[in-house]
Each structure stands twice: as C-alpha cells, then as structure tokens.
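See below for the structure under consideration.
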Amino acid sequence: MTRFQKKLWMGLLIMTLLTPLGILLPQKFKAEEAWGEWGTDKLEKLLGYVPEGLKRWAGLWKAPIPDYNFGGEGASLTLQIFSYVVSGLLGIGICAFVAYMISRFMARHGK
Amino acid sequence: MHIPDGYLSPQTYLPLYGVSIGFWAIAQRKLKKQLSLKHVPYLAMAAAFSFVIMMFNIPIPGGTTGHAVGAAIIAILLGPWTAVLAVSVVLMIQALLFGDGGITALGANCFNMAVVMPFVSYGIFKLVKGKTPGGSRIVAAAFLAGYLGLVVAALFTAFEFGIQPLIAAGANGRPLYAPYPLSVALPAMVLEHLFLFGVVEGLVTMLLLKYFLKHEPDLVYAVLDASPNR
C-alpha cells in the first residue's frame, strides 16, 4: 500500500468513527426517516392503513443487523451509537473486500 | 433514497432489475478491458467511501433525513463504469446485511444510485469542465456534477414511487404499494435534494476532487479521459 493510500484509509476510518453524527443530528433536529422508507407501523399512522401488497412484501428479508443497530428498536442511545460504529467498520471492510475481489479478477497489468 | 421491499410493484422492480443487470454486464465487459491493477485498491476504497458517507444522515429540521451517495466523485475519479460497480456492491451489502433498501427493490436502487447518478454526474462534469485543464471551472464542474447527479437520482426514485398508485390498486381502490401519487412524491423528494442533500453531495465532490488534483492528479479519470485507450 502506498503512503497516499494509507492516508486515504486513515481518512475513511476517521469518517467511520464520526458516523454517530448521522444518528445524533437527526435526533437533535427532530428529523425522522427518509421519505418513502417508512416501516409499516409508521404508514399505518400516516395513512390510517397499510397498503395490502406493501404489507405482504415488507418483511421479505430479515437482515442480520437491521438499521445498523443490533440492539433492536428499544436500544439505548449508547448501544445505538456503538452498533452504528461497528456496523460502519463492518460495512467498509466488507464493501472494500468485495469490490477488491471483483475488480482484482477483472484488472490486468499495464493498462 | 433506498426503496424498501413492498413499495414497488413487480411491474416496476422487475424491469428495473433487468436494466441494472444489463448495466452490470456492460460494466464487467468495459472494466475487463480497461481496468488497471493500480486502480484496484482505489476501487475498494471507493466502495468503502460510498458505504460510509451514506451513514451520515442529514436532517431537515422537523422533517425527513437524507444523505450523500458519493457516486459523483467516484465517477469523476475512476470513471462512470467503475462507479456502477463500486456503488452496486455497496447497495447490495446494505440491503443484505443491514436491511437498508429492499431485496426486490435492489435493481431499482442500483439503477437510481449506481447507474443514473454516476452517468449524470460524469456527463455534467465533462460538459461544464469543457477543455479547461484546471482552475475554478473544474471546481464548479465538480460541484454541479455532485449536486445534479443526486437530484436527478432523487427524481427517478420519486418517479418510481409516484407511479405505483397508477399501476396497482386493491379491490377497495386503495393503492397496493407505495401510496403517494406523483404530485406528492416528486416535490417531496426533489425539493429536499435540491435544497439540502444535493448541496452536500456537491460540496463533498468538489472538496475531494480538489484534494485528489493536488495530491494524486494522475488518478483523476475524468481529466485524463482524453486518451483513447482508457
């Protein structure tokens, strides 16, 4: 790894440690989920009903770490922040690894 | 901008899977021909970067949240086809591991954020930059590339949401999938990206491009792109 690449990785790590801002700021400004990404409970509140098809498919996939939070919905803020950073570290590691393997397989010398 | 499962009808998500698979196939062919080994570590970092920047949810006070995607700077630094690959990998991992974006909607999400966005951003960057080698015009080009890239991606996403009530309704006349019509979805999503999230994407793109031009100018694809064998 070149010195420049090491520096970039340091930057990525620092960014990952700062990701809790991505939960703290929305909380401070009373902002909720992104538009169109509501869960079925929230839709029930917004519309008074949950669209049939949406209800059928919403639970299709059980992700191992839903919402980057392994404490579930009632998790304390500390646990949420901790989960978020760990998810961030896992995420950048796995994304980099998968992207590396795929591109390593396609790349050639001397181009 | 990550559409969850259940919001899109099969009439929407299946064709969009098809389109994304088509782009992945072309990306694979192009990269097999063009991708140099020295770019591989950067491609890995690009994916990591896109993943982490999407974790920074930006609030609209009392409203919704949104985030930058990072696809614009990846397209400018490593080329739009590389960005297709890097951002698609990220979206797949977000969906599978963190439930961020649906499995059925993965094709749509990849189309919006990993296909539309890098190509719009790249096109705008080249267009605004023109033939200038550097200076303030290139900085403006980078800002606009990020800004408009994200806004257009939001526009496509809002369109996909907004056509659902037209496509499918239950026996009682209620929408079956995403409930809000175009007249609600378009302004809601496009305005928040025009006024806030797009600006953030623009600034991130601009600052990172300045950094790379200063420290590793040989890496910047969109500036070197003139040579035919790239």
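The values are calculated or read from the model by the stated rules, or taken from the named source; none is laboratory data. Note that this is a predicted model, so its numbers are computed, not measured. Using ideal geometry, Cβ is built from the backbone for each residue, glycine included, and neighbour counts are taken over all protein chains shown.
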**Q.** Sole residue being out of contact with any strand residue (DSSP E or B) (no Cβ under 9 Å at 6 or more places or on another chain) and either closer than 21 Å to residue B:30 by Cβ or acidic (Asp, Glu) (or both), chosen from B:93, B:138, B:103, B:74
**A.** B:74
Q: Taking only segment B:128-173 into account, find how many residues are at pLDDT 95 or above and among the charged types (D, E, K, R).
A: 1
Q. Filter segment A:33-56 for residues that are under 21 Å from the mean Cα position of the chain (by Cα) and within 7 Å of another protein chain (Cβ to nearest Cβ); which is modelled with the lowest pLDDT?
A. A:33
Q: For residue B:105, indicate whether it is within 8 Å of another protein chain (Cβ to nearest Cβ) and either under 22 Å from residue A:59 (Cα atoms) or of a type in the set (S, T, N, Q) (or both).
A: no
(Q) Restricting to segment B:37-68, give me the number of residues that are facing chain A (nearest Cβ under 7 Å), under 14 Å from residue A:85 (Cα atoms) and β-branched (Val, Ile, Thr). (A) 1
Q. Just a yes or no: is a residue in segment A:96-104 surrounded by fewer than 15 Cβ atoms within 10 Å (Cβ to Cβ), within 7 Å of chain B (Cβ to nearest Cβ) and more than 30 Å from residue B:39 (Cβ to Cβ)?
A. no
Q) If you take just the helices (runs of 4 or more DSSP H) that sit entirely in segment B:20-104, which of them hold at least 2 residues that are hydrophobic (A, V, I, L, M, F, W, C) and surrounded by fewer than 24 Cβ atoms within 10 Å (Cβ to Cβ)? A) B:40-53, B:80-98
Q: Could you pull out the residue among B:207, B:203, B:196, B:191 that is surrounded by fewer than 22 Cβ atoms within 10 Å (Cβ to Cβ), at pLDDT 95 or above and in contact with a Phe, Trp or Tyr (Cβ under 9 Å, 6 or more places away or on another chain)?
A: B:203
Q. Is there a residue being within 10 Å of chain B (Cβ to nearest Cβ) and without any contact (Cβ under 8 Å) to a residue 12 or more places away in the chain anywhere in segment A:73-83?
A. no
